[in-house]
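Colleague: Pasting a structure below so you can have a look.
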Amino acid sequence: MDISFDFSTCEGERRARTYAGALTILPPTEASLALVSHARHLIEEAFGPNPIQAQLACPAEEAALRLSRLKPHFIHHPITRELLSKLLLAYGCDPKRTYQDVPRIRSAFPSKYLSTGIAYAHHPHRDTWYSAPMCQINWWMPIYDFDPTQGMAFHPRYWNHYIANGSADFSYYRWNADGRKNAAKHVGTDTRVQPHPEEPIELEPEVCCVVPAGAVIVFSAAHLHSTVNNISDRTRWSVDFRTVDIEDVEDHVGAPNVDSFPTGTSLRDFRRLDDAAPMPEASVAEYDSIEDVSAGVTIYAPA
């Protein structure tokens, strides 16, 4: 697996490398650290001054309730969008061509405390199994420093390797209608319908990148990745978000599709960087069908 630390590379070259399976580690910037500071403020309002030990603050059920308030508060906070826009511009994204979805706070509690529902510890998966377009680029940024036992793992042997999986039974629009809105109810177990591998997965070799708070790991939505089993006594906090380039969407440029067959698309979740305009419906239509749209809810809108 190619891992690049070249911040000077233009954004178009970075996308091309990402579509070929490379990871890019971007250093902290003034803009990324401002988003970190904002996220920390909201997290510490919800979980107290030491959120790294959040599991000591309350029972798991209460933590799920606090997360159900914290996450949309962060997403819809007016400062969040402003800071995210500055972050993407600082890393060279074209404001006219780049479309972004909302940034999400993620938590990885110690595994025996809470790892389901709204704090879901992700099994090995590709985001493209969940109806992400092949040109989707993922951005992952820690809010506090962490170690390898709390992070995220990539499984590079599967980049071009077919995996039998349940993506053909996954509808993004059914997920919007049922799976996402019920996340906070799944505390002890998680019974939501999600695409999983349907054959044994060899997790080794795996790549775990440890980066400081405010640094960003950029990777393709087609990468097989998972949440590392958090065997520590500390909670990991991170922010992730996704971008697509409108010309790549329209030209169907992106990573190779080796095993992703869901219905629906997440493209309607994306807004243009410079003015928050929605993704053009004509561009989305090529990824959709009338049957897809009738299956549920095209754009998730929390109550």
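Colleague: Before I look further, what does the chain give for accessible area per residue, probe 1.4 Å, in whole square angstrom?
Modeller: On a per-residue basis, the chain sits at 42 Å².
Colleague: Could you put Asp240, Asp94 in order of accessible surface area, largest first, with the 1.4 Å probe and the full protein assembly present?
Modeller: In descending accessible area the options line up as Asp94, Asp240.
Colleague: While we're looking at this one, here's another question. Sorted by accessible area (1.4 Å probe), largest first, how do Val239, Val193 line up?
Modeller: Sorted descending by solvent-accessible area, the residues read Val193, Val239.
Colleague: In nm, to one decimal, how far is the Glu250 label point from the Ala90 one, both placed 7 Å along Cα→Cβ?
Modeller: Result: 3.1 nm between the two label points.
Colleague: When the accessible area of the range 7-113 is computed with all protein chains present and a 1.4 Å probe, what percentage of it is carbon and sulfur?
Modeller: With neighbouring chains kept in place, the figure for the range 7-113 is 58 percent.
Colleague: Please list 245-253, 33-41, 214-222 highest first by mean number of surrounding beta-carbon atoms within 10 Å per residue.
Modeller: Order by mean packing, descending: 214-222, 33-41, 245-253.
Colleague: What residue among Pro78, Pro103, Pro256 has the largest mean-square fluctuation in a Gaussian network model of the chain, using Cα springs under 10 Å?
Modeller: Highest fluctuation of the listed residues: Pro78.
Colleague: List, in order, the whole-Hz ³J(HN,Hα) value for each residue of the range 98-107 obtained from phi through the Karplus relation with A = 6.51, B = -1.76, C = 1.60 and θ = phi - 60°; use x for Gly and Pro.
Modeller: Those phi angles translate into 8, 10, 10, 9, 6, x, 10, 7, 10, 10 Hz.
Colleague: Oh, and also: Can you sort Lys71, Lys86, Lys112, Lys96 by 1.4 Å-probe accessible area, starting with the largest?
Modeller: Of Lys71, Lys86, Lys112, Lys96, the descending order of accessible area is Lys112, Lys96, Lys86, Lys71.
Colleague: Follow-up. With Cα extents along the principal axes in Å as the read-out, I listed (1) 54, 44, 37; (2) 49, 41, 41; (3) 65, 46, 34; which label goes with the value calculated from this structure?
Modeller: Evaluating Cα extents along the principal axes in Å on these atoms matches (2).
Colleague: Under DSSP H, which helices of the chain have Cα atoms covering 18 Å or more of the helix axis and a Kyte-Doolittle average no less than -0.5?
Modeller: Span-like helices here: 30-47, 60-76, 78-90.
Colleague: Which semi-axis lengths, in whole Å and largest first, follow from the square roots of five times the eigenvalues of the Cα gyration tensor of the range 15-127?
Modeller: Ellipsoid semi-axes (Å, largest first): 28, 19, 13.
Colleague: Nearest 0.05, what FRET efficiency do Gln53 and Phe5 give at R0 = 35 Å with Cβ-Cβ as r?
Modeller: FRET efficiency, Gln53 to Phe5: 0.65.
Colleague: Here's something else I'd like to know. What is the distance in Å between the Cα centres of the range 191-268 and the range 130-160?
Modeller: Taking the Cα centre of each part, the range 191-268 and the range 130-160 sit 5 Å apart.
Colleague: Further question on the same structure: Toward the positive end of the charge dipole of the chain, about the Cα centre and with charges on Cβ (Lys, Arg +1; Asp, Glu -1), which of Phe146, Pro262, His41 goes farthest?
Modeller: About the Cα centre, the residue reaching furthest to the positive side is His41.
The values are calculated or read from the model by the stated rules, or taken from the named source; none is laboratory data. Treat the numbers as computed from the prediction; the structure is a model and nothing was measured. FYI the Cβ positions are ideal-geometry reconstructions off the backbone, even for glycines, and counts take in every protein chain you see. For the accessible areas, the whole protein counts, side chains as well, though only heavy atoms, and no ligand, DNA or RNA atoms are used. Shrake-Rupley method; radii C 1.70, N 1.55, O 1.52, S 1.80 Å.
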